[in-house]
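S.K.: The following block contains the structure, expressed as structure tokens.
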Amino acid sequence: MCLGGSTTADGGKYSYPAQLETVLNEKSEDRSFKVINKGVDGVNSTFILSKLKENLTQYNPDIVVV
């Protein structure tokens, strides 16, 4: 799961979370990866932190990138 502001927020296939998912799946022969993009335009670290517990509970990710 990727958390962040405008640099993370959905930019379609050009967002870094989408590119990360593509690279991970191209490099993996025996696993399938799903990167969850929880980026939000125009927010700060306080907002991102305030949503952390909710996002962890809802998605139960193996890895979080901030």
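The values are calculated or read from the model by the stated rules, or taken from the named source; none is laboratory data. Just so you know, these numbers come straight off a predicted model, no measurement behind them. When we count neighbours, we look across all protein chains shown, and the Cβ atoms used for this are built from the backbone with ideal geometry, even at glycine. Protein only, heavy atoms only, side chains kept; ligands, DNA and RNA dropped before computing areas. Shrake-Rupley method; radii C 1.70, N 1.55, O 1.52, S 1.80 Å.
S.K.: Can you tell me which residue is modelled with the highest pLDDT among those in the range 14-32 that are farther than 15 Å from residue 63 by Cβ, surrounded by 10 or more Cβ atoms within 10 Å (Cβ to Cβ) and of a type in the set (Ser, Thr, Tyr)?
M.R.: Among those residues, the one meeting the criterion is 22.
S.K.: Select from the range 57-66 the residues that are open to solvent by 100 Å² or more (accessible area, probe 1.4 Å) and in contact (Cβ under 8 Å) with a residue 24 or more places away in the chain and write down the one among them that is nearest to residue 36 (Cα to Cα).
M.R.: Residues of the range 57-66 open to solvent by 100 Å² or more (accessible area, probe 1.4 Å): 57-58, 60, 62-63, 66.
From the residues that got through so far, the ones that are in contact (Cβ under 8 Å) with a residue 24 or more places away in the chain too are 63, 66.
Numbers: 63: 10, 66: 12 Å.
Taking the candidates together, the pick is 63.
S.K.: Another one. Any residue that is hydrophobic (A, V, I, L, M, F, W, C) and in contact with an Asp or Glu (Cβ under 8 Å, 6 or more places away or on another chain) - is there at least one of those in the range 37-57?
M.R.: At the first step, the residues of the range 37-57 found to be hydrophobic (A, V, I, L, M, F, W, C) are 40, 43, 47-49, 52, 56.
Of the ones still in play, those that are also in contact with an Asp or Glu (Cβ under 8 Å, 6 or more places away or on another chain) are none.
Within the range 37-57, none of the residues are hydrophobic (A, V, I, L, M, F, W, C) and in contact with an Asp or Glu (Cβ under 8 Å, 6 or more places away or on another chain).
S.K.: Search the range 33-56 for residues being in contact with a strand residue (DSSP E or B) (Cβ under 8 Å, 6 or more places away or on another chain) and part of a helix (DSSP H, G or I), and hand back the single one that is surrounded by the fewest Cβ atoms within 10 Å (Cβ to Cβ).
M.R.: 52
S.K.: Continuing with the same structure: Mind listing whichever residues of the range 1-13 are surrounded by 14 or more Cβ atoms within 10 Å (Cβ to Cβ) and among the small types (Gly, Ala, Ser)?
M.R.: Result: 4, 5, 9, 11.
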